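Below is one structure, written out as structure tokens; the observations come after it.
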Amino acid sequence: MGRIYGTSHPRVGQYDRHRLLIDQDGSVIVAGSNSTLDRHMLVRVRVDSQGPFVDAALSAPASLVAPPFIDLRGYHVAIRSPTGMLQLKDIATLPSVSRQVGWAMLAECVR
């Protein structure tokens with residue numbers, strides 16, 4: 001029988017656009033974008049013998065204007081600069097986070 005991880009939270013809708021992506025190693029990347037606060041977030045969820053856990057996450061300024069994409073060089077996000085120009089931002093690796101911080105960031109991104 002399956003297991004349910006996490007808890008339920010009221011939907012507050014801070015991050016109004018979401019994407020699920022597959023990382024190079026098979027991990028799931030949850031990408032969220034907040035057009036009101038002009039921010040985006042990438043959160044990596046891995047699974048081991050103990051179950052799922054979050055080990056890396058990034059929260060950064062500027063909302064996403066297109067879905068992120070992943071290749072052998074890292075993560076790539078399209079954002080709009082403060083002057084309105086379209087920019088492609090390359091992120092080589094996502095910063096490591098503790099499991100507790102990672103779950104909190106994922107909860108912020110999806111609720």
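The values are calculated or read from the model by the stated rules, or taken from the named source; none is laboratory data. Remember, it's a predicted structure, so these values are computed and weren't measured experimentally. No Cβ is skipped: glycine too gets one built from the backbone with ideal geometry, and neighbour counts run over all protein chains shown.
Annotation note: Cβ proximity below 9 Å between a residue of the stretch 16-33 that is farther than 15 Å from ALA57 by Cα and a residue that is surrounded by fewer than 15 Cβ atoms within 10 Å (Cβ to Cβ) and β-branched (Val, Ile, Thr) (sequence gap 6+ or interchain) occurs for ASP16/THR36; GLY26/VAL47.
Annotation note: Cβ proximity below 8 Å between a residue of the stretch 65-82 that is touching a residue at least 40 places away in the same chain (Cβ under 8 Å) and of a type in the set (Val, Ile, Thr) and a residue that is exposed (fewer than 13 other Cβ atoms within 10 Å of the Cβ) and part of a loop (DSSP other than H, G, I, E, B) (sequence gap 6+ or interchain) occurs for ILE70/GLN24. Selection of the stretch 19-31 for residues being surrounded by 13 or more Cβ atoms within 10 Å (Cβ to Cβ) and either in contact with a Ser or Thr (Cβ under 6 Å, 6 or more places away or on another chain) or assigned to a strand (DSSP E or B) (or both) yields ARG19, LEU21, VAL28, ILE29, VAL30, ALA31.
For the stretch 1-16, the set of residues classified as closer than 22 Å to VAL65 by Cβ and either modelled with pLDDT of 90 or more or small (Gly, Ala, Ser) (or both) consists of GLY13 only.
Against the condition exposed (fewer than 13 other Cβ atoms within 10 Å of the Cβ) and of a type in the set (D, E, K, R), how does ASP71 come out, does it pass? Step through it out loud before you land on a result.
Numbers: exposed (fewer than 13 other Cβ atoms within 10 Å of the Cβ): yes; of a type in the set (D, E, K, R): yes.
Yes; evaluated as a whole, the condition is true for this residue.
PHE53 is checked against (1) modelled with pLDDT of 95 or more; (2) under 19 Å from GLN24 (Cα atoms) and fails just one. What number does that condition carry? Going through the list (1) modelled with pLDDT of 95 or more; (2) under 19 Å from GLN24 (Cα atoms), PHE53 breaks only (1).
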